[in-house]
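The structure appears right after this line, and notes come after that.
The values are calculated or read from the model by the stated rules, or taken from the named source; none is laboratory data. Remember, predicted model here, so these are calculated numbers, not experimental data. FYI the Cβ positions are ideal-geometry reconstructions off the backbone, even for glycines, and counts take in every protein chain you see. Ligands, DNA and RNA are stripped out before the accessible areas are found, and what is left, the full protein with its side chains, is counted by its heavy atoms. Shrake-Rupley method; radii C 1.70, N 1.55, O 1.52, S 1.80 Å.
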Amino acid sequence: MNKNVETFGPPPSQALQARVWAKWQDLRDDPAIVTHGRALGLASPEVAPLSRQVAMAREMGAAACEHVHEADVAARFAALEVEGLKTDSFVGWRSSAETLTLARARLAARPFAEDLTLGFVGPDTPHEIMAGLDAVTQACDVLLPLGPFLRGLERPAVCAYVAEASGHIVGTSASVEMFHSASSWPGLCWWGMLSTYSDRRGEGIASRLGAMVLDEMNRRHSMTEFFTGIRIGNAPSEALCTQLGFARTPYHVVIAFDPVLMAGGRLTK
């Protein structure tokens, strides 16, 4: 991990997060900027010119733009690629009025296996636990957000996990309030990071942890609006989100990568 802040993932991702954290100190009060602790981005194409996303991507290695209408994704890809950047995108899925009810029904209907213990990340969670979360998310090709976000020190957040009797963490999920209170989306929370080791899949761990995080974000922080990003064609994630009352929107998050700083051209699964 970076000596100044908890960073996670493989070395290029840790370096990205360190740059993001340094830049965040200057931009945290800017309503145009969004983050849940992986990369910085723009709240929508309307809040700043494309050149700002380009500049952030070149400086930090990656930068996102939320709320890009599906009709405009190809053009934004082309404009970013002309600047020498690589591109990626996720389809935005939003929660509904039924989401919290469905999440609580899921919690009531299917308990965790008896050998699993539920835990939550907080300001004082030991580094050994954080390392276990990093291991399970990396095994699932998912990037763990920066420690201060995951611990709830920067924004309201919940990160839940389950561990076997040995202490081995086998699954996790999280949510972080992502948008500035002065933006057009106050209180909108990123939700996701559903990760389970392959030898424990099929037990409903991910869906229950996801439901637990939704419930706790509401109980602890009064949050009611959630979103997640799903790659086109990821049917399992689409099915799970549908079961929790999420629905596909016509908006995408478009991510730009600097090909030198982030040669892999991908931030998370």
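Name the one entry in 55, 74, 97 that is out of contact with any helix residue (DSSP H, G or I) (no Cβ under 9 Å at 6 or more places or on another chain) and assigned to a loop (DSSP other than H, G, I, E, B).
It is 97.
What is the residue count in the stretch 137-160 for residues that are within 21 Å of residue 196 (Cβ to Cβ) and over 15 Å from the mean Cα position of the chain (by Cα)?
Matching residues across the stretch 137-160 total 1.
Taking the stretch 232-269 as the search range and keeping residues that are within 20 Å of residue 208 (Cβ to Cβ) and in a loop (DSSP other than H, G, I, E, B), which one is nearest to the chain's Cα centre (by Cα)?
The extreme case among them is 269.
I'd like to check something: does the stretch 209-216 contain any residue that is of a type in the set (Asp, Glu), in contact with a Leu (Cβ under 9 Å, 6 or more places away or on another chain), assigned to a strand (DSSP E or B) and over 30 Å from residue 83 (Cα atoms)?
Taking every residue of the stretch 209-216 in turn, none turns out to be of a type in the set (Asp, Glu), in contact with a Leu (Cβ under 9 Å, 6 or more places away or on another chain), assigned to a strand (DSSP E or B) and over 30 Å from residue 83 (Cα atoms).
Only one of (1) surrounded by fewer than 20 Cβ atoms within 10 Å (Cβ to Cβ); (2) modelled with pLDDT of 95 or more is not met by residue 144, so which one is it?
Answer for residue 144: the failing condition is (1).
If the requirement is being in contact with a Ser or Thr (Cβ under 9 Å, 6 or more places away or on another chain) and closer than 14 Å to residue 205 by Cα, which of these qualifies: 160, 108?
Being in contact with a Ser or Thr (Cβ under 9 Å, 6 or more places away or on another chain) and closer than 14 Å to residue 205 by Cα holds for just one of 160, 108, which is 160.
What number of residues within the stretch 220-230 satisfy the criterion of being in a loop (DSSP other than H, G, I, E, B) and either of a type in the set (Asp, Glu) or surrounded by 13 or more Cβ atoms within 10 Å (Cβ to Cβ) (or both)? Steps first, answer last, please.
The first filter runs over the stretch 220-230 and keeps only residues in a loop (DSSP other than H, G, I, E, B), leaving 222-224.
With the extra rule that they be either of a type in the set (Asp, Glu) or surrounded by 13 or more Cβ atoms within 10 Å (Cβ to Cβ) (or both), the set shrinks to 223-224.
Count: 2.
Of the conditions (1) open to solvent by 50 Å² or more (accessible area, probe 1.4 Å); (2) under 15 Å from the mean Cα position of the chain (by Cα); (3) hydrophobic (A, V, I, L, M, F, W, C), residue 8 fails just one. Which one is it?
(1)
Evaluate the stretch 70-80: report whether one residue or more is at pLDDT 95 or above, closer than 21 Å to residue 195 by Cβ, touching a Phe, Trp or Tyr at 6+ places or on another chain (Cβ under 9 Å) and open to solvent by 60 Å² or more (accessible area, probe 1.4 Å).
Scanning the stretch 70-80 turns up no residue that is at pLDDT 95 or above, closer than 21 Å to residue 195 by Cβ, touching a Phe, Trp or Tyr at 6+ places or on another chain (Cβ under 9 Å) and open to solvent by 60 Å² or more (accessible area, probe 1.4 Å).
Conditions tested, residue by residue: (1) free of Cβ contacts under 8 Å to residues at least 60 places away in the same chain; (2) of a type in the set (Gly, Ala, Ser); (3) under 21 Å from residue 91 (Cα atoms); (4) crowded, with 22+ Cβ neighbours inside 10 Å.
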{"position": "162", "(1), (2), (3), (4)": "yes, no, no, yes"}
{"position": "172", "(1), (2), (3), (4)": "yes, no, no, yes"}
{"position": "211", "(1), (2), (3), (4)": "no, yes, yes, yes"}
{"position": "236", "(1), (2), (3), (4)": "yes, no, yes, no"}
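Can you tell me which residues in the stretch 29-46 are surrounded by fewer than 23 Cβ atoms within 10 Å (Cβ to Cβ) and without any contact (Cβ under 8 Å) to a residue 60 or more places away in the chain?
45, 46
Whether any residue in the stretch 188-202 is among the small types (Gly, Ala, Ser), modelled with pLDDT under 95, open to solvent by 20 Å² or more (accessible area, probe 1.4 Å) and within 16 Å of residue 102 (Cβ to Cβ) is what I want to check.
Checking the stretch 188-202: not a single residue is among the small types (Gly, Ala, Ser), modelled with pLDDT under 95, open to solvent by 20 Å² or more (accessible area, probe 1.4 Å) and within 16 Å of residue 102 (Cβ to Cβ).
Considering each residue of the stretch 99-140, count those that are of a type outside the set (Gly, Ala, Ser), closer than 16 Å to residue 219 by Cα and surrounded by fewer than 19 Cβ atoms within 10 Å (Cβ to Cβ), and give that number.
5
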